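The values are calculated or read from the model by the stated rules, or taken from the named source; none is laboratory data. Since the model is a prediction, treat every value here as computed from it, not as a measurement. Counting neighbours? That spans all protein chains shown, and the Cβs are built from the backbone with ideal geometry, glycine included.
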Amino acid sequence: MRFDFFRRQGPAGEPLPTERGERTEPVMETRAPAGETLEPRGASGFVTYALQLDAQKRVRGYRMAWREAGAHGAPDASAQFRELLSCVSKHLNSSKGWRLGRLVLFLDVTVDALFQSELQALPPENVVLCMGLDDLMDADTRSMLLFLREQGFGFMLCNAQALPQDPALLEVITHFDVGSGSRDLIASVRDGRRPEQPPVQMIATRMDSWEGFDACAARYVDVFVDGGHAPPPVEQGVDILQPESMLIVRLMQMIQRNEDVRSIESALKRDAALTYRLLRHINSPAIGAGVEITSLRHAVAMLGYSPLFRWLSLLLATSNKASSPFMMKKAIMRGRFVELMGHGMLPSSEADNLFVVGMFSLVDQLLGISMQEVLAKVQLAESVQQAILHRQGVYAPFLALVEACETGTDQAARLAEALFVSAEQVNAAHLSAMVWSHEVSAVDAGD
């Protein structure tokens, strides 16, 4: 079987050299021509995903899927997979490379999907293909499995009760679906791996509770968590803000009162670490100010009070060290997603309010105190409070749409239609927010 049409290409569509140095001429083009995209026009589906979390609740990857809006009858799995690949390739894999760093993308695939050329538009080292045992053992696909594994694609065996005995297949499998994290199944997978072979990464794909997560974490098993899961409990005393959080709240109050920048700067200097974090965020590529900002006074001169309030709200959401890292990232992503959905529909002056609506809608879960107490300490605009507390007002429809996309419900299509936005626009905002949250989180982590 020949696979020349799957040879990966270098810049400008040039074929990459093989291991022996010769160049191969691809028969098929796997990337869209300049100025065009792989995403089909008129796409009617929405991207959904579950988060891959490690034992520390850090995000390690996303298991993505495509949810067709208003579909009737049996879905066309091949068509949906092409739509998903096109959307992901367009928004996550730019000319500068994979935009999610070391994060991994998990994709559920059929045998037919393995032969789709669009798969080659993704970086193999960041992609794991999820398949059932029957498909993996199909003799007609063995050559393709080995070929894709050679390229660097990973494979997760799903819905199986043990590792297969076939040595060649064991070379392909890099991940194993352990369901809800059965202790016996985990032990069976570990015992079934041969000593000379690399370990298999086990992932619990059906977590029942956060107690189940803790049990998996104790066994070094990662877990998939989707948007429908309740947030994990915050390990912190009720109604107590940490010192850094209290300082951020005070700074936000000073900005709301339009106090002199020198007074705000004086208060901020009491915490050198917080000053450093704030300036790192403001100087990150996510802002793109064009010049290095060296002080709070410089930041106010360049950005103004409103963007500064926005960044302080981000720091507030990430100030509780007892909060789960993935919840912090979710809040950042939601803030950016809500902001992007309102772009072009509301005045540009509303952008910071939209971001704050998204961020603050989760801040109670991050800080471990009630929303009423948060809002008593930070006096947000009435329109912002209406959206957060009652899902009413001008910002509420954007927040509702974002929440529907997070949980993958059928409401997303209806809410998008009510706002006169297309599925393509929603997906573009969703994945752009995902990239932005990754960049901002990397800044906070010092990467």
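Here Arg277 meets the list (1) in the same structural domain as Gly358 (by TED's automatic domain parsing); (2) surrounded by fewer than 17 Cβ atoms within 10 Å (Cβ to Cβ); (3) modelled with pLDDT under 85 almost entirely, failing just condition (2).
Mind telling me which of the residues Gly192, Gly212 ends up being of a type outside the set (A, V, I, L, M), surrounded by 12 or more Cβ atoms within 10 Å (Cβ to Cβ), at pLDDT below 95 and in contact with a strand residue (DSSP E or B) (Cβ under 8 Å, 6 or more places away or on another chain)? Of Gly192, Gly212, the one residue that is of a type outside the set (A, V, I, L, M), surrounded by 12 or more Cβ atoms within 10 Å (Cβ to Cβ), at pLDDT below 95 and in contact with a strand residue (DSSP E or B) (Cβ under 8 Å, 6 or more places away or on another chain) is Gly212. Residues in the range 28-64 that are modelled with pLDDT of 95 or more, in a strand (DSSP E or B) and among the small types (Gly, Ala, Ser): Ala50, Gly61. Just to be sure, is Leu346 within 19 Å of the chain's Cα centre (by Cα) and surrounded by fewer than 24 Cβ atoms within 10 Å (Cβ to Cβ)? Answer is no for this residue. Test Ser319 against the stated conditions and say whether it is outside any helix (DSSP H, G or I) and of a type in the set (S, T, N, Q). Yes, satisfied. If I filter the range 203-232 down to residues being of a type in the set (A, V, I, L, M) and outside any helix (DSSP H, G or I), which single residue comes out as nearest to Leu53 (Cα to Cα)? Result: Val223. For Glu83, the conditions (1) within 28 Å of the chain's Cα centre (by Cα); (2) assigned to a loop (DSSP other than H, G, I, E, B) all hold with the exception of (2). Within the range 164-183, the set of residues being under 26 Å from Val225 (Cβ atoms) and free of Cβ contacts under 8 Å to residues at least 12 places away in the same chain comprises just one member, Ser182. Figure legend. Inter-residue proximity from the range 316-332: first residues over 16 Å from Ile369 (Cβ atoms), second residues not in a loop (DSSP other than H, G, I, E, B), beta-carbon distance below 6 Å, spacing 6+ or different chains. Indicated pairs: Phe326/Leu51; Phe326/Leu53; Phe326/Val59; Lys329/Val59; Lys329/Ser437; Lys329/Ser441; Ile332/Ser437; Ile332/Val440.
The helices (runs of 4 or more DSSP H) falling completely within the range 361-429 include none with 3 or more residues that are free of Cβ contacts under 8 Å to residues at least 60 places away in the same chain and touching a strand residue (DSSP E or B) at 6+ places or on another chain (Cβ under 6 Å).
Every test in (1) more than 18 Å from Pro231 (Cβ to Cβ); (2) surrounded by fewer than 24 Cβ atoms within 10 Å (Cβ to Cβ); (3) at pLDDT 90 or above is passed by Ser361 save one, and that test is (1). Please verify whether the range 237-246 includes one or more residues that are in a loop (DSSP other than H, G, I, E, B), more than 22 Å from the chain's Cα centre (by Cα), surrounded by 15 or more Cβ atoms within 10 Å (Cβ to Cβ) and at pLDDT below 90. There is at least one residue in the range 237-246 that is in a loop (DSSP other than H, G, I, E, B), more than 22 Å from the chain's Cα centre (by Cα), surrounded by 15 or more Cβ atoms within 10 Å (Cβ to Cβ) and at pLDDT below 90.
Condition test on Asp108, is it buried (at least 18 other Cβ atoms within 10 Å of the Cβ), closer than 26 Å to Pro164 by Cα and either outside the structural domain of Val172 (by TED's automatic domain parsing) or not β-branched (Val, Ile, Thr) (or both)? Answer is yes for this residue.
Looking only at residues of the range 147-163 that are under 21 Å from Phe224 (Cβ atoms) and among the aliphatic types (A, V, I, L, M), we find that the one that is surrounded by the fewest Cβ atoms within 10 Å (Cβ to Cβ) is Ala162.
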